[in-house]
1. Here is a list: B:Lys89, B:Lys46. Which entry is open to solvent by 10 Å² or more (accessible area, probe 1.4 Å) and touching a Gly at 6+ places or on another chain (Cβ under 9 Å)?
2. Anything in segment B:288-305 that is open to solvent by less than 50 Å² (accessible area, probe 1.4 Å) and assigned to a helix (DSSP H, G or I)? List them, or say none.
3. Criterion first (outside the structural domain of B:Pro153 (by TED's automatic domain parsing), in a helix (DSSP H, G or I) and either within 38 Å of the chain's Cα centre (by Cα) or away from DNA strand D (no atom under 12 Å from the Cβ) (or both)) does B:Ala13 satisfy it?
4. From (1) more than 16 Å from DNA strand C (Cβ to nearest atom); (2) part of a loop (DSSP other than H, G, I, E, B); (3) over 17 Å from the mean Cα position of the chain (by Cα), pick out the condition that doesn't hold for A:Asn32.
5. Take the residues in segment B:206-241 that are at pLDDT below 90 and among the basic types (Lys, Arg), then tell me which one is least open to solvent (accessible area, probe 1.4 Å).
6. Select from segment B:29-85 the residues that are among the small types (Gly, Ala, Ser) and more than 30 Å from B:Ser119 (Cα to Cα) and write down the one among them that is nearest to the other protein chains (Cβ to nearest Cβ).
7. So A:Ile330 passes all but one of these: (1) open to solvent by 10 Å² or more (accessible area, probe 1.4 Å); (2) modelled with pLDDT of 95 or more. Which condition number does it fail?
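The values are calculated or read from the model by the stated rules, or taken from the named source; none is laboratory data. Everything numeric here is computed off the predicted structure, so don't read it as measured data. With ideal geometry, Cβ positions are generated from the backbone for all residues, glycine too; neighbour counts draw on all protein chains shown. These accessible areas exclude ligands, DNA and RNA; they are computed on the full protein's heavy atoms, side chains included. Shrake-Rupley method; radii C 1.70, N 1.55, O 1.52, S 1.80 Å.
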2 protein chains.
Amino acid sequence: MDKSRRTTIQDIAKFVNVSIGTVDRVIHNRGNVSPDKKKKILEAIKILNFNPNFLASTLALGKQRHICSLLPHPDSTNSFWQLPKKGVKQTAAEYKDFGITYTAFDYDLKEESSFVEKSLAVLDANPDGVILAPLFRKESELFIKKLEEKQIPYIFIDSFIPDQKDLSYIGPDLKGGGYVAAKLMSSILSPNDDILIVNLIKSVENSNLNVIEKGFREFFNDSNINSKREIKSITIPSLEERDINVELTKYYLKNPETKGVFVTNSKASLIAKYHVLHELSVKMIGFDLLEDNIKEMKDGNIDYLISQRPFFQGSMAVKALFHYFIYKKIPSKLQLVPLDIIIKETVDYYMDFKEPTVGNFLSKN
Amino acid sequence: MDKSRRTTIQDIAKFVNVSIGTVDRVIHNRGNVSPDKKKKILEAIKILNFNPNFLASTLALGKQRHICSLLPHPDSTNSFWQLPKKGVKQTAAEYKDFGITYTAFDYDLKEESSFVEKSLAVLDANPDGVILAPLFRKESELFIKKLEEKQIPYIFIDSFIPDQKDLSYIGPDLKGGGYVAAKLMSSILSPNDDILIVNLIKSVENSNLNVIEKGFREFFNDSNINSKREIKSITIPSLEERDINVELTKYYLKNPETKGVFVTNSKASLIAKYHVLHELSVKMIGFDLLEDNIKEMKDGNIDYLISQRPFFQGSMAVKALFHYFIYKKIPSKLQLVPLDIIIKETVDYYMDFKEPTVGNFLSKN
DNA sequence: GAAATATTTGTTTGCGTACACAATTTTTGT
DNA sequence: ACAAAAATTGTGTACGCAAACAAATATTTC
């Protein structure tokens, strides 16, 4: 069965006895085609099972689309924000041949003004689509208003602002993340063990962590174990070892019975280090597969890490925009990424795992 | 900054003052180019940062590659084997425009002869690459020998035969899967609770389950809790409710203290149903996100499911072959997929999660 | 019923590359 | 020095599609 190659526009034209121009007009709904020929052509498309060749189509069209990302600047080489950014960058590069170009804009998580500045830069770049982590609520709202005025589609990743005209939110179910953390915590503690929730944030803008904490507490409300467990939370607005030491020591002196700590962002390793230093045996749960976190997990100082596939978030955002550009396909508004539960024994699988990418055509001489 | 479009072969030709033919010869290392021109062209490629346009390249080349899969026939619409197959099929369809065609061959898991028959059919189809789940060891070895004679590259998914010339193995670390299951089991049982390992298999050929069991036991050997826990295993060579009932009842009557059950394949739901029917409260761990398993997990009859990303295995196998075809890129020989630990609270995220695909160009009238 | 206009259809060029073939230049042998 | 052979370089066509342009009908207008 030497199945002859795919049917082309030519085939259809010949089949219906018209020129390829007419077929093209029908395919693109460009009008100016007599009803009967249109009908015949549509039939032929069905019969011969015609799909336009995506390569030839893109090549002929030659349209360039520019994607910009506006994400927090990674505060170190081992920062959470490296990951989604890498996902965006790498995937955009994959689509280079398909006319996708990409520029990254990073804002300073500590400076609202930086966000404003960079968001203006994004607008200046005149993008066809924007990928945004809207950590500053008010400033983000202003920004997306401008995007909407210019009819530029945008996608939220990592966190989102409700009730907006974003194309999609691609990121974790924050509340669910807290809930899952609580479930895991409860599975490794005794019913009456006290728990501490640590919010390690610099700016107070970001209310996501509250949502996470809410989810965490909700689990313990749901599970009507009539335990006498105490669940307290503290906020440490600094990532400096000194500050953390002071605050934690203050807390532990008052609450020596704390048996589990849940850190609501990716900085669990900082708390784990404190525990090691002070020889405290406390169960710990945190987020994200950062080098420091992994090290502490392997050393037994963190019990569970929950990952929200940050690389994938970036990767999917680009893909969604691409599909929107090319096929006018509207992605589902809410795309919650899986919350991966990771333990010492499974972490290496996640780190070694590399999905091959489409593009990356390099002349190999 | 109206960044001029990408540099093309034309640009290079003009830059060096030669014809595109000569540039082409250099790019493809096809010889017959004077050394100095070659040098200049290579320099220009560097300077102008030239990458061949993948679209145009593929289009001009117009080469077709045929991929065949040889996987177990899904024994129901809700079978594990649906998943990798779907991954292969969908991804192959994505690459249709890139010249990839695909044919699926399914063999009967109960019949070695079926494997032989289908493997011959694969050879008849004259594929350019094969994706294979080598569940019958001996028959698989014969098959891949023939593939090697014909120089047809092949990739193992789901399980593999060691020391072969396969392009890659894409699948779980089976032993690691057992080990992880054990870790989880130990976290939900008391130190002295007895455990049962259930091997639900029809054919004895498949030694993978032994590897999984080995990993499971290894964990308890490693963790030198001097418990008096008993870990026994039984093999039930049937999926019929009757047979399972008989065997399990026989076992439980003799071992009433069993508190945890680990099922080494995707059929944990069958055991869970038995427990419900007989009102047994037993902790359970199994593999794979099948509908039945998910239901039992949501009902509280299965505590953990471990997923090995079956869809992705298929998807990645196609991508790896594609890259091998196009870029001659040899994938890493061992690509262990992450072992996702899934609980009632996270299962929905996995089910809802849909990665957008590249192709699927459908005229949307 | 012819001119003017509107509608429908056909043709051509270009996207960037691969490759066959033609044309040119260089080298070799005598 | 000159033909013959070898090495090098240039040109044209095709891949399948999109879109501009040109041509051919059909319809309207007076």
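1. Values: B:Lys46 fails: touching a Gly at 6+ places or on another chain (Cβ under 9 Å).
Exactly one residue qualifies, and that residue is B:Lys89.
2. Residues satisfying the conditions are B:Asn293, B:Ile294, B:Glu296, B:Met297.
3. Values: outside the structural domain of B:Pro153 (by TED's automatic domain parsing): yes; in a helix (DSSP H, G or I): yes; either within 38 Å of the chain's Cα centre (by Cα) or away from DNA strand D (no atom under 12 Å from the Cβ) (or both): no.
Spelling it out, it is not the case that B:Ala13 is outside the structural domain of B:Pro153 (by TED's automatic domain parsing), in a helix (DSSP H, G or I) and either within 38 Å of the chain's Cα centre (by Cα) or away from DNA strand D (no atom under 12 Å from the Cβ) (or both).
4. (1)
5. Result: B:Arg229.
6. Checked segment B:29-85; the qualifying residue nearest to the other protein chains (Cβ to nearest Cβ) is B:Ala56.
7. (2)
Conditions (1) under 18 Å from the mean Cα position of the chain (by Cα); (2) not assigned by TED's automatic domain parsing to the domain that holds B:Ser159, marked per residue:
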position: B:Leu280; (1), (2): no, yes
position: B:Gly286; (1), (2): yes, yes
position: B:Leu290; (1), (2): yes, yes
position: B:Ile294; (1), (2): no, yes
position: B:Lys319; (1), (2): yes, no
position: B:Phe325; (1), (2): no, no
position: B:Lys328; (1), (2): no, no
position: B:Ser332; (1), (2): yes, no
position: B:Met351; (1), (2): yes, yes
